[in-house]
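Contents: one structure, followed by commentary.
The values are calculated or read from the model by the stated rules, or taken from the named source; none is laboratory data. Computed from a predicted structure; not experimentally measured. Here the Cβ positions follow ideal geometry from the backbone for every residue, glycine too, while neighbour counts run over all protein chains shown.
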Amino acid sequence: MKRRSLLLISFASLLAISCSGSQEEGKNTFVSVGTGGVTGVYYPAGGAICRLVNQNRKDHGIRCSVESTGGSVYNTNSIAGGELDIGIAQADVADKAWKGQEPFKEKMPDLRSLFALHPESVSLVVRRESAITTLRGMRGKRINLGNPGSGNARTSEELLKACDIALSDLAQVGRLKAAEMPDALRDDKLDGYFYVVGHPTANIKDIATTTPVDLVPVTGNCVDQLIAERPYFVKTEIPAGIYQGIDSPVPTYGVRATLVTSTDLPEKTAYQIVKSVFGNLDEFKTLHPALNNLNPKSMLSGLSAPIHPGALRYYKEMGWL
């Protein structure tokens, strides 16, 4: 009995020392960031976040890894299910998750925001020979709306509904992932595709250099009404000259990409992640062209879910909130 007691005491002591050392050194904190397709902006944006977090890993003990995923809806559901720690999601998708609206089955009261990223424009890329020049011109055409589980699909379907264009009006409803869309357009398997994305993006640069394409203006009374009804939507413009053959600005509308998490993320971890990005904001802005115009004010606007306490602590320390 004495020997057993001594063994138990020794094991308990070793366990306490081990736990104490792990907490002190902070070497066991791993966070995963869900993004999107590798040719979009989410993936490099997530990589930029992890790069800044990891470069000070010795100080805070957080190891950040980026994952290519199905996009906004997938990321949000995976955070709720504990499969991802952090994810990038369109503000409209995060809003629906918070409120428990379609495509989500129930409210996600534990969803939290860290900060906003770049504005994303609803972009309709078409083969020039398709002669699609307006939204109405999609009728009878082969259009990719986005893969299931993506904010891209959700936003494009919402647009079609607002503009009284039924899925049955299309000759083909594509469900390809973002990375698959350019090849399908190039191979004449699609007439066009929707992509909700920050510009410039390699996805559109890729197809524009090999196939004559146009970007269709996403405008009209139905779009104006949609923007008026959804406070997270704003009018945007795709700049001229960033894609081959697109020589004039293209009017459309868009939504901000946001970095979301849940209340399960420890306050200290959220604080250090936010500090890593904002403390190196000038460097962060150089890591992708879509991030160039970010500033603290814009990154704290357009958030759908409440701000995480760890992020809020940093913003209050900086006097921004």
*Can you tell me which residue within segment 213-243, out of those that are among the charged types (D, E, K, R) and touching an Asp or Glu at 6+ places or on another chain (Cβ under 9 Å), is surrounded by the most Cβ atoms within 10 Å (Cβ to Cβ)?*
Arg230
_Of everything in segment 120-142, what is surrounded by fewer than 18 Cβ atoms within 10 Å (Cβ to Cβ) and either of a type in the set (A, V, I, L, M, F, W, C) or in a loop (DSSP other than H, G, I, E, B) (or both)? Give them in sequence order._
Ala131, Thr133, Thr134, Arg139, Gly140
_Would you confirm whether or not segment 93-107 contains a residue that is crowded, with 18+ Cβ neighbours inside 10 Å, of a type in the set (Asp, Glu) and closer than 19 Å to Thr35 by Cβ?_
no
*For segment 203-212, indicate whether the set of residues that are closer than 30 Å to Lys99 by Cα, in contact with a Pro (Cβ under 9 Å, 6 or more places away or on another chain) and surrounded by 15 or more Cβ atoms within 10 Å (Cβ to Cβ) is non-empty.*
no
*Do we find a residue being buried (at least 17 other Cβ atoms within 10 Å of the Cβ), farther than 30 Å from Leu226 by Cβ, under 19 Å from the mean Cα position of the chain (by Cα) and of a type in the set (Phe, Trp, Tyr) anywhere in segment 267-283?*
yes
*Could you figure out which of (1) more than 19 Å from Ile204 (Cα to Cα); (2) surrounded by fewer than 24 Cβ atoms within 10 Å (Cβ to Cβ); (3) among the aliphatic types (A, V, I, L, M) isn't true of Leu117?*
(2)
*Would you kindly identify the helices (runs of 4 or more DSSP H) lying entirely within segment 256-321 that contain at least 1 residues that are in contact with a Ser or Thr (Cβ under 7 Å, 6 or more places away or on another chain) and of a type outside the set (D, E, K, R)?*
267-278, 309-317
_With the condition being at pLDDT below 95, I'd like the helices (runs of 4 or more DSSP H) fully within segment 154-229 carrying at least 2 qualifying residues._
202-208, 221-229
_Can you go through Gly82, Gly70, Gly46 and tell me which one is at pLDDT 95 or above and surrounded by 19 or more Cβ atoms within 10 Å (Cβ to Cβ)?_
Gly46
*Scan segment 51-67 for residues that are of a type in the set (Gly, Ala, Ser) and either at pLDDT below 95 or over 22 Å from Gly40 (Cβ atoms) (or both) and jot them down.*
Gly61
